[in-house]
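Report on the structure given below.
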Amino acid sequence: MANLLEEILSELIQGGVLKAEKLALCRTLAEETGRGVERTLVEEGLLTEGEILERYARKLGFPYVSDLSEREMAPEFLERVPLQFARQNALVGLKNGEGCIEVATSSPLNLHPLDDLSRMLHAEFETVLAPRSQILARINQGYPQGAEMVDRMLAEIQEEEISSLAVELTGSEDLLDMAHKAPVIRLVNTLLSQAHRNRASDVHIQPYEEKVIVRYRIDGLLYDFLILPKKVQEAIVSRVKVMGRMDIAERRFPQDGRATIRVAGHEVDLRISCVPTSHGERVVLRFLDKSAGLFKLEEIGMDDQILHAMSSLIHFSHGILLVTGPTGSGKTTTLYAALDRINTKEKNIITIEDPIEYQLTGISQMQVNEKKGLTFAEGLRSVLRQDPDVMMVGEIRDPDTASVAIQCALTGHLVFSTLHTNDAPSAVTRLLDIGIEPYLVSSSVIAVLAQRLVRLVCPHCGEETPADPQKLATVGLEPGLIPSGRLWIGRGCDACRDTGYLGRTGIYELMLVDDIIREQVMGRTGASTIKKGCVERRMRTLRMDGAEKIRRGQTTIDEVLRVTQMDLF
């Protein structure tokens, strides 16, 4: 079998896909780390897993499947193969439509797990090759992790000593590997893994007088997931506190913590907040999936006009570009996409964030630490001495940060930041309200981008329905503008949890600061007057952009009305 790998590597060198000297370096590195040559080649970016598996498939006569997302798991596999075994060996059993089981593996030369699997299944099976990430994702989706498992764990939970919950959760431990864990630890792990599976951004553990409700925020809305008995409240809260390295004995004051976990091969950062209430401590966990990857500007819902303008703005040599909107409206995602677009070796880019949500290769990122005096303003002052070209400030919260950011922009730096306002014109008036002089605002701010997130019509259950003229009028649409007079809505299905929506996209309002706006700022003109002038000069408001996405069948009228306000000017 080792000869087969060498044969494949030889073919790759002869075909010019792999260089001999690079392979030699990887062999040395594999010996030093014990990771194996195949894994080292993939991790060093010299080959993809798919390239290796496709060659194995040709040599061994096995089919290669690059995507398992649409394949259904075999019931016999779920019944007879423990989750831990399947994950540890990256094996998954699939239906093939002919009454036979297909087992997908990413390690065709490792025969011992396949032999063990044959004994577990008591049946013959066909072998197919697939990427490890696809196999783990299918395992994560296929095994039961829902209420039935929670009920089983609740039955096992006894009156445990709180000290027995203080088990370290290391960064490399996967929440789905729950064998031999205490019931409360397994329960918390299940709640978190279910949240990740359901694409939740937050988990709320909310106590009531006689029960505890677990809620997930999915696509911006909260849904009740589980009702737990009151007796497990203290144990669950204590377990979460241990994960976040918080004081489990302190129950009278709010606490914040952080943890890093792994869920189905994905590394996830948790931000944990715990506050006392009349019925006990309430816990909220925010998910930041580090392996989800960055979005590009083209992928976040900007139309061609705004995308073209943004692509130009982010290449300016100096000035402030503000992104505004409420918490959870995707502001940081937009700024990361902009930074990723301009990230080159010729530019020194430094960010000051609270917290650092994603690691950006080639960009220096600084974490705010207010307890030790490292605020946004102090961070900005320090960064100025690092010879930056572009700076990103996580948020302008106070006059000090705003003042320093403006000074940076006026001294030849491009500054990105966020602000909490309802629309783009309100951003410049907010800066005036917190004490910044009008001449500083007018000479430093180059543009303001306001944004919201709207849910998308589920592609699995979406269907056309006749457009209601009265409802169309609420978002400024005329019936004649709707193709065939019909709009798209979602009926509700398993894929979207019967909501009719799956995933989100952005709606945007981009205000370019021109000479007219600069004069209005100098005269301290109100935001509504500034907005009226911008619309007359063909600026599209948030509601107008939402209406365009309704017209295209991407979202619904109700969804746009939920996240936008009526345009009053």
Distance from segment 19-86 to segment 520-535 (C-alpha centre basis), Å: 59
Rounded if a/c under 1.5, otherwise prolate or oblate - segment 361-417, Cα gyration tensor axes: oblate
Per-residue [θ]222 nm for the chain (sum of -39500 (n - 2.57) over DSSP H runs n ≥ 4, rounded to 500): -11000 deg cm²/dmol
Extension gain (nm, one decimal) between Lys19 and Ala249, 0.36 nm per residue minus Cα-Cα: 76.9 nm
Only Lys, Arg (+1) and Asp, Glu (-1) charged, at Cβ; the chain dipole about Cα centre in debye: 1060
Pair Asp115, Thr465: separation of 7 Å Cα→Cβ label points (nm): 5.9
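Can you tell me how much longer the chain between Thr474 and Ser201 gets when fully stretched, taken as 0.36 nm per residue apart minus their C-alpha distance, in nm with one decimal? Please report the intermediate quantities before stating the final value.
Values: separation 273, 0.36 × 273 = 98.28 nm, distance 3.01 nm.
That pair, Thr474 and Ser201, stretches by 95.3 nm at full extension.
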Partners for Lys296 among lysines (Cα-Cα distance below 16 Å; same-chain residues under 8 apart left out): Lys331
Nearby lysines by direct alpha-carbon distance to Lys230 (threshold 19 angstrom, same-chain neighbours under 8 apart not counted): Lys211, Lys241
Met522, Met392, Met566, ranked by accessible area, largest first (probe 1.4 Å): Met566, Met522, Met392
Cα gyration tensor shape of segment 54-113, rounded if a/c is under 1.5, else prolate or oblate by comparing a/b with b/c: oblate
Residues listed by number, segment 372-393, amide nitrogen under 18 Å from Thr411 label point at 7 Å toward C-beta: 375-393
Residues with amide H under 5 Å from that of Arg282, placed H, sequence gap 5 or more: Val275, Thr277
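The values are calculated or read from the model by the stated rules, or taken from the named source; none is laboratory data. Predicted, not measured: the structure shown is a model, and the values here were computed from it. Neighbour counts are summed over all protein chains in view; Cβ atoms, including those assigned to glycine, are modelled from backbone coordinates with ideal geometry. Each accessible area value is taken on the protein alone, full model and side chains, heavy atoms only, with ligands, DNA and RNA left out. Shrake-Rupley method; radii C 1.70, N 1.55, O 1.52, S 1.80 Å.
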